[in-house]
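Q: Here it is, the structure in full.
The values are calculated or read from the model by the stated rules, or taken from the named source; none is laboratory data. For clarity, every value in this text was computed on a predicted model and none was experimentally measured. Methodologically, a virtual Cβ is constructed for each residue, glycine included, from the backbone with ideal geometry; neighbour enumeration extends over all protein chains shown. The accessibility values were calculated without ligands, DNA or RNA, using every heavy atom of the protein model including side chains. Shrake-Rupley method; radii C 1.70, N 1.55, O 1.52, S 1.80 Å.
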Amino acid sequence: MDTESNYSGYSYYSGRSRGSHRHGERSRDRHKSRSKDSRSEKSVTINTPPAEPLLGDSAVRDEPVQDDNWGETTTAVTGTSEHSLSQEDIVRITKDLEDSVGLNCRRYFTLTLAVILGLLVFLTPLAFLVLPHLLWPEKLQTCGTACEGLFISVAFKLLILLLAIWALFFRPPRASLPRVFVFRALLAVLVLLFVISYWLFYGVRILDSQDENYQGIVQYAVSLVDALLFIHYLAIVLLELRQLQPCFSVCITRSTDGETRHYNLGQLSIQRAALAIVENYYRDFPIHNPALLSASKSRAAKHLAGLKVYNVDGECPAAPAEGPGNNAAAGLAHSQSRALIAAAARRRDSSHNELYYEEAEHDRRVRKRRARLVVAVEEAFTHIKRMQEEEQKKAPGDVMDPREAAQAIFPSMARALQKYLRTTRQQHCHSMESIQQHLAFCITNNMTPKAFLESYLTPGPTMQYSRDHWLARQWTLISEASVTSGLKDGTVFLLKCVDFSLVVTTKKIPYIQMSEEYIDPKSHKFVLRLQSETSV
């Protein structure tokens with residue numbers, strides 16, 4: 001007997017246990033089918049700089065957060081044998097191997113390989129020039145003026161190559177991508193094969209034969225440096241210039257509140273496009289506020305809750321029994337369900353008035369508390385000006401620090417600011433320490449009250465707030481296609497965060513064809529003939 005049996009009647013749902021049992025079986029079947037379909041998805045992770053979770057009020061902190069790895073930890077019964085490997089198993093094994101290596105170890109390992117390859121590239125031309133002097137110095141011909149000029153050419157070209165590689169490759173990493181950057185890996189392999197081929201030719205044609213023409217050896221080293229400069233130019237084209245021309249228009253929609261932005265991207269892989277989208281998200285999207293979402297959910301639950309149907313004529317059976325009375329109970333349950341649906345429809349038709357007046361009252365309260373806040377801040381800044389005028393008359397050692405001035409005037413505006421932030425549900429985005437720091441910054445730079453209030457009256461992008469208020473430590477990229485493949489028309493992928501996800505849809509920019517139409521200048525000219533008898 002459930003809690004509904006304490007009433008004089010019984011609920012609609014307690015009278016349909018058999019139907020709910022069959023519905024549960026159908027829902028389990030649909031869950032199994034969805035779990036089979038979800039095995040085709042691949043999820044990878046993009047790591048961003050570490051940050052603490054957002055500290056909000058108790059209502060926000062107590063909300064359960066769904067695990068990001070729920071897709072990998074779900075158990076599904078399949079028809080494959082115990083010795084077979086599905087696509088999901090391969091993706092999971094790859095992910096486990098990557099996680100076992102560690103993000104920092106992988107980053108340092110990549111940096112170590114890049115440094116070793118760079119040293120090999122720079123030391124190879126110098127080794128080509130030094131080895132003949134160490135192995136057969138008595139057989140070498142004298143180096144003339146042209147040969148000494150080639151020394152200067154090699155030195156300056158190596159310096160230019162060093163600066164170019166430092167500017168292009170040795171930059172601080174913006175993020176840790178889940179897969180290898182294909183073009184950078186191809187360039188590294190190309191450089192390695194190129195240097196190895198030069199060493200093989202050098203060992204066979206120069207070291208074995210102990211070539212005496214030192215000018216030819218110097219020219220051989222110069223040709224290697226020239227080829228390395230051309231490879232660096234190819235790297236600039238593939239890594240930087242290729243993606244500049246916009247080819248795709250991506251639409252980014254936040255799953256919780258529907259905030260949408262559009263960007264134009266070039267020829268990028270899915271993981272590189274995801275990195276660009278995350279960077280633009282922190283700059284352009286307003287900060288995610290789960291408190292506003294919880295308010296809308298509570299309002300909807302309040303409007304739809306409290307509808308029950310009772311049987312005032314009969315008794316509440318504990319469980320429907322098999323027999324002739326079962327059909328009567330089913331008919332009664334059907335009639336009660338129709339009554340429940342009709343009552344919900346009537347209440348839904350009248351609930352828009354309640355929602356309208358509730359939103360109007362909320363807007364009125366926000367405007368009222370905003371006006372109080374503006375007045376309090378203006379009075380506080382006026383007090384600061386008076387304090388500055390008084391301090392100019394004092395000795396230089398008695399001048400108040402901007403931090404002390406902010407702490408002195410903050411209590412006069414703290415109550416109004418606290419009420420406004422609670423009304424607009426922004427109290428979890430601003431701490432007392434951050435507000436005082438912002439106030440001290442405005443006092444130091446002689447900013448107006450309006451400039452101080454702009455950060456609180458208008459919710460800004462995520463980058464405006466401190467790093468401690470960023471919601472996610474990492475982003476998970478979910479894509480059916482390989483993340484190293486390029487963007488295509490209709491590509492859809494997800495960027496999951498702790499509390500929300502970004503749904504990205506890709507559209508190819510259409511080919512634009514322009515035509516020219518010539519208009520004869522004489523075709524739109526006219527002659528005005530005036531007669532003397534008219535009034536014109």
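Q: Out of all the residues in the range 407-419, is one or more within 31 Å of the chain's Cα centre (by Cα), open to solvent by less than 80 Å² (accessible area, probe 1.4 Å) and at negative phi?
A: Scanning the range 407-419 turns up at least one residue that is within 31 Å of the chain's Cα centre (by Cα), open to solvent by less than 80 Å² (accessible area, probe 1.4 Å) and at negative phi.
Q: Residues THR458, THR424: which one is touching a residue at least 12 places away in the same chain (Cβ under 8 Å) and β-branched (Val, Ile, Thr)?
A: THR424
Q: One residue is enough: does the range 133-145 have a residue meeting the conditions out of contact with any Pro (no Cβ under 7 Å at 6 or more places or on another chain), at negative phi, among the polar types (S, T, N, Q) and part of a loop (DSSP other than H, G, I, E, B)?
A: Yes, the range 133-145 contains a residue that is out of contact with any Pro (no Cβ under 7 Å at 6 or more places or on another chain), at negative phi, among the polar types (S, T, N, Q) and part of a loop (DSSP other than H, G, I, E, B).
Q: From the list ILE152, ILE165, ILE116, ILE160, which residue is open to solvent by less than 80 Å² (accessible area, probe 1.4 Å) and either on the phi > 0 side of the Ramachandran plot or among the β-branched types (Val, Ile, Thr) (or both)?
A: ILE165
Q: Just to check your reading of the model, which residue among THR476, THR506 is under 18 Å from GLY258 (Cα atoms) and assigned to a strand (DSSP E or B)?
A: THR506
Q: So is ARG425 at positive phi and at pLDDT below 90 or not?
A: In short, yes.
Q: Is at least one residue of the range 249-265 open to solvent by less than 30 Å² (accessible area, probe 1.4 Å), at pLDDT 65 or above and part of a helix (DSSP H, G or I)?
A: no
Q: Could you please let me know if VAL204 is of a type in the set (A, V, I, L, M, F, W, C), assigned to a helix (DSSP H, G or I) and either out of contact with any Gly (no Cβ under 8 Å at 6 or more places or on another chain) or open to solvent by less than 40 Å² (accessible area, probe 1.4 Å) (or both)? Walk me through how you get there before you give the answer.
A: Working: of a type in the set (A, V, I, L, M, F, W, C): yes; assigned to a helix (DSSP H, G or I): yes; either out of contact with any Gly (no Cβ under 8 Å at 6 or more places or on another chain) or open to solvent by less than 40 Å² (accessible area, probe 1.4 Å) (or both): yes.
Yes.
Q: Has the range 387-399 got at least one residue that is modelled with pLDDT under 85, surrounded by 13 or more Cβ atoms within 10 Å (Cβ to Cβ), of a type in the set (S, T, N, Q) and within 13 Å of ILE443 (Cβ to Cβ)?
A: Yes: the range 387-399 contains one or more residues that are modelled with pLDDT under 85, surrounded by 13 or more Cβ atoms within 10 Å (Cβ to Cβ), of a type in the set (S, T, N, Q) and within 13 Å of ILE443 (Cβ to Cβ).
Q: In the range 460-470, is there at least one residue being of a type outside the set (D, E, K, R), touching an Asp or Glu at 6+ places or on another chain (Cβ under 8 Å) and at pLDDT 90 or above?
A: No, there is no match, as no residue in the range 460-470 is of a type outside the set (D, E, K, R), touching an Asp or Glu at 6+ places or on another chain (Cβ under 8 Å) and at pLDDT 90 or above.
So that you can scan it fast, the table gives a plain yes or no per residue for (1) at pLDDT 90 or above; (2) within 24 Å of SER485 (Cα to Cα); (3) touching a strand residue (DSSP E or B) at 6+ places or on another chain (Cβ under 7 Å); (4) not assigned by the TED database to the domain that holds LEU495:
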site: ILE165; (1), (2), (3), (4): yes, no, no, yes
site: PRO172; (1), (2), (3), (4): no, no, no, yes
site: ALA175; (1), (2), (3), (4): no, yes, yes, yes
site: PRO178; (1), (2), (3), (4): no, yes, yes, yes
site: ALA185; (1), (2), (3), (4): yes, yes, no, yes
site: ALA188; (1), (2), (3), (4): yes, yes, no, yes
site: SER197; (1), (2), (3), (4): yes, no, no, yes
site: GLY203; (1), (2), (3), (4): yes, no, no, yes
site: ASP208; (1), (2), (3), (4): no, no, no, yes
